[in-house]
Amino acid sequence: MLDALSYDFMQQALAASLLASIACGVIGTLVVVNRLVFLAGGVSHAAYGGVGLAFHYGWPVLPSAIGFSVASSMLMAGVALKRPEKSDAAIGVLWAAGMAFGIILIDLTPGYKADLMSFLFGSILAVPTTDLYLMAALDAVLLAVVALCHQTLLVTSFDREFAEARGLPVRTAHYLVVGMTAVGVVMLIRVVGLVLVMALLTIPPFIAARTARSLPSMMAAATAWSTVFCVGGLALAYRWDVTSGAAIIAVASAGFMAVSGAGALRRIMARKTA
Amino acid sequence: MHMPASAPGMPGAPHTPHEPVIAVRDLCFAYGGEPVLDHVDLTVERGEFLAVLGPNGGGKTTLLKLLLGLLTPRSGGVTLFGGAPRAALPRIGYVPQYSTARLDFPVTVLDVVLMGLAGTRRGLLGRHWSHDAASVDRAREALDQVGLSGMEKRMVGELSGGQRQRAVVARALMAQPELLLLDEPTASIDPQGSFCFFEFLGTLRGPHTLVVVSHDLSIATSTFSNVAFVNRTLVHSRGAGLTPDMLTMLYGHHEKTCPMGAFISSVSGLFPVLPKAEDLPPGTLAGGTPSDTTQTPAHGQSAPAASAATPHPGKDA
């Protein structure tokens, strides 16, 4: 098993896992505490439109997908802010429209299309080194933004009305969280794929939230859990030759069920002894 | 209060003696076509403890949001401390409705209280606050004030509804506000709690001016200096009394045979009911009533709720 580590592609995959886990821990925490999971789903699927654009016009894929999802996420964030009662439907529309747009563009592009499957199901075993540097840079930007604005993010996430009454930039913070989600989602797509990005963005923060006592500690714990799931999933994928993205989510889901089950068991035991 | 005297915007800061804390003039507001607030006037002087009562949907919370500058009036004006509401935000402590905070949030009680310092310091990127030992000491004191000492390490989700409400009041006290605005603070008070919420609010009078918004008529027996009723329009009374007009505003007009009408008659007997507004000479709504005596600053020694709840002699309906 350990001989797997001697392969270049495995080292690249582990580096990609760690970089993606940092983004996942930070953004996933903000997504979960702000209840933006559905919006994250919409952004991740709409990103496919950016992938289609990149393929059709021969643009670099990662910047195109990031640009497209940031633009669509700002639309969703605007609706969520101004017409909260309509935001569910608006996310659903952009979710479907972005995907359809991407599929049509790819249909119109002649040539070999197998690489697209990696965007749906992940291609962590084939992340180019340039993408690793790009992900590292994005991680650094995310961490810097969160560190600089953490008080505003904390107060606006916890109690928006109070934050507004204290004169905090509530709207800017809302767009910031959604924008960071869009960027992070595209990064995670490279690791576990479009379909599975939601799970990695929600499961580690969910587990982390059970014991976390502050927002930063929840982010750190979510990053740690995410790294564990990625490494475990890669080991499974190597051992049984299954799709790496699916294997990572299988491990994460098993972890989720184990933690939830242990929690339920503890509650039952506590009730019996009480 | 035990706050350092040097902090900006604290109680006792230079302030024109006769300048009202809140001045609302001919205020109209509507979300869509129907007016929510219609030609509302309200003046709150320094040190007052005003209860704004009214039915749900009557415009109480809207009025609070207009006071905070979170909504813009359709016509008329709101002045706080003689200026625009947004400029006065650092001097206001706001206790929003309990439901606005997220209960499953990973945050300790101490950190919630420290959030009260948000917006007190302008940083490079937005507003920040310092997390130093002095702030933590002050947060502990604020928790002590609301009867939550020893709870600072608890997670906010572990508190009972009433304890959480008090933690949020402690948070509002952190910024040393001159004006405290509380939205439905009794919505989640523990019924058997030994901590008497309104008695506590009464002790804050003096350094603070307080405005409490509620749909709960029973709080009218508390230690307020004034009561206002809001239901699209506003009736303001100096002194903690209810006029039959106010009850009609709150519940509509009912015959005595109707259960609601019977309830209104019984409630009218519980409070020191004031004469009808039209029975008084114009401009005297604010004075000359027996309950006017409650206007003097109480500093926590005001008439206990029990005696305020006894029928006022000669005013029984």
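We did not get these values from a lab; they are worked out from the coordinates using the rules stated. No experiment lies behind these values; they were computed from the predicted model shown. Counting neighbours? That spans all protein chains shown, and the Cβs are built from the backbone with ideal geometry, glycine included.
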Contact order relative to length of the range A:1-65, as percent, for alpha carbon pairs under 8 angstrom and 6 or more apart: 16 percent
Additional length obtainable on full extension of the chain from B:THR72 to B:THR233, 0.36 nm per residue less Cα span: 56.2 nm
10 Å Cβ neighbours from other chains, averaged over peptide A:166-177: 4
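Taking the Cβ-Cβ separation of A:ALA254 and B:ASP41 as r and a Förster radius of 56 Å, what is the calculated FRET efficiency to the nearest 0.05?
Numbers: r = 65 Å, r/R0 = 1.15.
Efficiency for this residue pair is about 0.30.
Calculate, in nm to one decimal, what A:LYS86 and A:ARG210 gain on full extension: separation in residues at 0.36 nm each, minus their alpha carbon distance.
Full extension of this stretch gives 41.5 nm more.
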Spin-label pair A:ASP3/A:ALA96, simplified geometry with 7 Å Cα→Cβ offset, distance in nm: 5.2 nm
Karplus 3J(HN,Hα) series, Hz, for the range A:254-265 with 6.51 cos²θ - 1.76 cosθ + 1.60 (x for Gly, Pro): 4, x, 4, 5, 4, 5, 5, x, 4, x, 5, 4
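Could you order the peptides A:229-238, A:42-51 from most to least packed, using the average number of other C-beta atoms within 10 Å per residue? Write down the numbers at each step before the final one.
Details: A:229-238: 21.5, A:42-51: 28.1.
The peptides rank, most packed first, as A:42-51, A:229-238.
Can you give the FRET efficiency for B:ALA84 and A:VAL145, using 1/(1 + (r/R0)^6), R0 = 25 Å, r = Cβ-Cβ distance, to the nearest 0.05?
Values: r = 31 Å, r/R0 = 1.24.
Efficiency, from the Cβ-Cβ distance: 0.20.
Can you pull the mean other chain C-beta count within 10 Å for peptide A:145-158? Walk me through the intermediate numbers first.
Details: counts 1, 0, 0, 5, 4, 1, 14, 7, 1, 8, 10, 1, 3, 10.
Average neighbour count from other chains, rounded to a whole number: 5.
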Residue-averaged [θ]222 nm for chain A, counting only DSSP H segments that reach four residues, each worth -39500 (n - 2.57): -28000 deg cm²/dmol
Inter-label distance, nm, simple model (7 Å from Cα along the C-beta direction), A:ARG271/A:ALA71: 5.3 nm
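How would you order A:99-109, A:149-159, B:109-119 from highest to lowest mean count of nearby Cβ atoms within 10 Å? Before the final figure, lay out the partial values.
On the way: A:99-109: 16.5, A:149-159: 22.8, B:109-119: 24.9.
So the peptides A:99-109, A:149-159, B:109-119, ranked by packing, come out B:109-119, A:149-159, A:99-109.
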Amide H partners (placed H, <5 Å) of B:GLY76, local residues excluded: B:CYS28
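Give, as a single signed number, the net charge of other residues whose beta carbon lies under 10 Å from the beta carbon of B:THR79, with Lys and Arg counted +1 and Asp and Glu -1.
Value of the local net charge: 0.
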Sorted by Cβ density within 10 Å, fewest first, the residues A:ARG271, B:ARG140: A:ARG271, B:ARG140
Peptide B:63-69 - average C-beta neighbours from other chains (10 Å radius): 2
Phi-based couplings in Hz for the range B:139-147 (Karplus 6.51, -1.76, 1.60; Gly and Pro marked x): 5, 5, 4, 4, 5, 4, 4, 8, x
Relative contact order computed over chain A (Cα-Cα under 8 Å; 6+ residues apart), in percent: 30 percent
Estimated distance in nm for a label pair at A:TRP59 and A:ILE103, the labels positioned 7 Å out from Cα along Cα-to-Cβ: 2.2 nm
Nonlocal amide H pairs with A:ARG166, under 5 Å, H built at 1.01 Å: none
Gap separating the Cα centres of the range B:42-69 and the range A:31-58, nearest whole Å: 44 Å
Amide H contacts of B:GLU48 (H built 1.01 Å from N, under 5 Å, at least 5 apart or other chain): B:LEU210
Under 13 Å, Cβ to Cβ, from B:ARG138 - net charge with Lys/Arg +1 and Asp/Glu -1: -3
